[in-house]
1. Is there a residue in region 42-56 that is at pLDDT below 50, open to solvent by 10 Å² or more (accessible area, probe 1.4 Å) and either aromatic (Phe, Trp, Tyr) or in a strand (DSSP E or B) (or both)?
2. Which residue out of Glu250, Glu234 is among the charged types (D, E, K, R) and either closer than 19 Å to Gly179 by Cβ or surrounded by 22 or more Cβ atoms within 10 Å (Cβ to Cβ) (or both)?
3. Quick check on my filter: what residues within region 101-140 are assigned to a loop (DSSP other than H, G, I, E, B) and open to solvent by 10 Å² or more (accessible area, probe 1.4 Å)?
4. Are there any strands (runs of 3 or more DSSP E) wholly within region 154-268 with 1 or more residues that are basic (Lys, Arg) and either closer than 22 Å to Val79 by Cβ or within 15 Å of the chain's Cα centre (by Cα) (or both), and if so which?
5. For Thr214, indicate whether it is open to solvent by less than 10 Å² (accessible area, probe 1.4 Å), in contact (Cβ under 8 Å) with a residue 12 or more places away in the chain and touching a Ser or Thr at 6+ places or on another chain (Cβ under 9 Å).
6. Could you count how many residues in region 67-96 are within 17 Å of the chain's Cα centre (by Cα) and either within 20 Å of Ala148 (Cα to Cα) or acidic (Asp, Glu) (or both)?
7. Only one residue in Val188, Val239 is at pLDDT 95 or above, in contact with a Lys or Arg (Cβ under 7 Å, 6 or more places away or on another chain), within 20 Å of Gly56 (Cβ to Cβ) and open to solvent by less than 50 Å² (accessible area, probe 1.4 Å). Which one?
8. Being touching a helix residue (DSSP H, G or I) at 6+ places or on another chain (Cβ under 7 Å) and surrounded by 24 or more Cβ atoms within 10 Å (Cβ to Cβ) is the filter here; which residues of region 68-86 pass it?
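The values are calculated or read from the model by the stated rules, or taken from the named source; none is laboratory data. Because the structure is predicted, anything quoted here is derived from the model rather than measured. Please note: Cβ atoms are built from the backbone with ideal geometry, for glycine as well, and neighbour counts cover all protein chains shown. The protein model used for the area step is the full one, side chains on, heavy atoms only, and it has no ligands, DNA or RNA in it. Shrake-Rupley method; radii C 1.70, N 1.55, O 1.52, S 1.80 Å.
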Amino acid sequence: MPGRWKRGLAMFIMVGLGSSVGACANPGKAAPDTQAVGRVPGGERAEVVFEELVPGVWLHLSHRRVEPWGDVPSYGLVVEREDGALLIDSAWTDAQTAEILAWTEDVLDSRVTDAVFTHAHADKMGGVGMLRERGVKTYAAYDSNQLAVERGLVPAEHAIAFGAEGEFRLGPAVVFDPGAGHTEDNIVVGLPEHGILFGGCLIRPAGATDAGNTADADLEHWDRAVEAVARRFEGLEVVVPSHGPPGGRELLALTIRLVRETRARDSR
């Protein structure tokens with residue numbers, strides 16, 4: 001598994017201001033590096049942090065305080081392409097998402113031209129309004145767009161038309177619909193050229209001890225959704241969850257176990 005995401009704190013670039021609403025919450029145990037690099041002098045939290053995961057793919061990390069879980073990190077990706085960068089999930093807010101756009105232009109000398117969102121919670125779609133305002137082509141599942149409106153979020157401009165295999169291609173990205181899990185509309189994004197699977201909130205982070213926020217979950221199908229993801233992206237070794245740093249395929253097994261434990265507990 002590529003080790004670039006384990007580089008020291010010097011790799012992180014901090015920018016931005018903002019506050020927010022929404023989301024998936026309950027990340028499990030917060031990662032030590034997230035707590036360390038998310039502070040700037042004086043104790044103020046930097047809103048967006050970037051790190052190169054592998055050449056050409058960058059993590060973006062934003063935070064929001066969500067009670068009762070406290071400070072919740074949310075990860076997404078910026079994927080470099082010759083014809084403009086691909087954004088996988090926005091930050092929590094328009095203001096934070098504007099920082100991602102500015103960073104991409106300033107640091108990568110590129111601009112975000114396309115964005116895809118993995119479900120309709122604010123940690124994933126909270127910045128869609130900013131992206132649409134800036135002319136970025138935005139994509140989400142049809143049901144995500146419907147749910148976004150119901151939840152006070154801006155929907156994506158384009159509803160994804162998944163093929164017979166439940167897939168949609170967006171440049172180097174394979175967008176896959178595994179069925180309901182964390183939410184009824186959750187999807188994942190594979191980057192085969194880079195060996196990366198972005199699992200979003202479908203996948204629990206290392207250190208998690210339960211299934212997290214199950215308010216919109218389908219506990220009967222969640223484990224099967226993760227199994228479908230594991231089969232479809234069998235060769236991808238770097239797994240990125242929403243609420244913790246990247247890991248390996250052990251995060252898929254962890255999620256399946258936690259979901260089954262939660263289901264068994266709830267059925268008693």
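1. yes
2. On the way: Glu250 fails: either closer than 19 Å to Gly179 by Cβ or surrounded by 22 or more Cβ atoms within 10 Å (Cβ to Cβ) (or both).
Glu234 is the lone residue from the list that is among the charged types (D, E, K, R) and either closer than 19 Å to Gly179 by Cβ or surrounded by 22 or more Cβ atoms within 10 Å (Cβ to Cβ) (or both).
3. In the first step, residues of region 101-140 are kept if they are assigned to a loop (DSSP other than H, G, I, E, B); the result is 108-111, 117-121, 126-127, 134-136.
The answer is Leu108, Asp109, Ser110, Arg111, His121, Gly126, Arg134, Gly135.
4. Working: elements: 158-160, 167-170, 173-176, 188-191, 196-200, 238-241.
Qualifying strands (runs of 3 or more DSSP E): 167-170.
5. Working: open to solvent by less than 10 Å² (accessible area, probe 1.4 Å): no; in contact (Cβ under 8 Å) with a residue 12 or more places away in the chain: yes; touching a Ser or Thr at 6+ places or on another chain (Cβ under 9 Å): yes.
Against the criterion (open to solvent by less than 10 Å² (accessible area, probe 1.4 Å), in contact (Cβ under 8 Å) with a residue 12 or more places away in the chain and touching a Ser or Thr at 6+ places or on another chain (Cβ under 9 Å)), Thr214 does not qualify.
6. First, the residues of region 67-96 that are within 17 Å of the chain's Cα centre (by Cα): 71-80, 85-94, 96.
Those still in the list that are either within 20 Å of Ala148 (Cα to Cα) or acidic (Asp, Glu) (or both) too: 71, 74-76, 80, 87-94, 96.
Selection size over region 67-96: 14.
7. Numbers: Val188 fails: in contact with a Lys or Arg (Cβ under 7 Å, 6 or more places away or on another chain).
Exactly one residue qualifies, and that residue is Val239.
8. Keep residues of region 68-86 that are touching a helix residue (DSSP H, G or I) at 6+ places or on another chain (Cβ under 7 Å), which gives 73-74, 78, 85.
Of everything in region 68-86, those that are touching a helix residue (DSSP H, G or I) at 6+ places or on another chain (Cβ under 7 Å) and surrounded by 24 or more Cβ atoms within 10 Å (Cβ to Cβ) turn out to be Ser74, Val78, Ala85.
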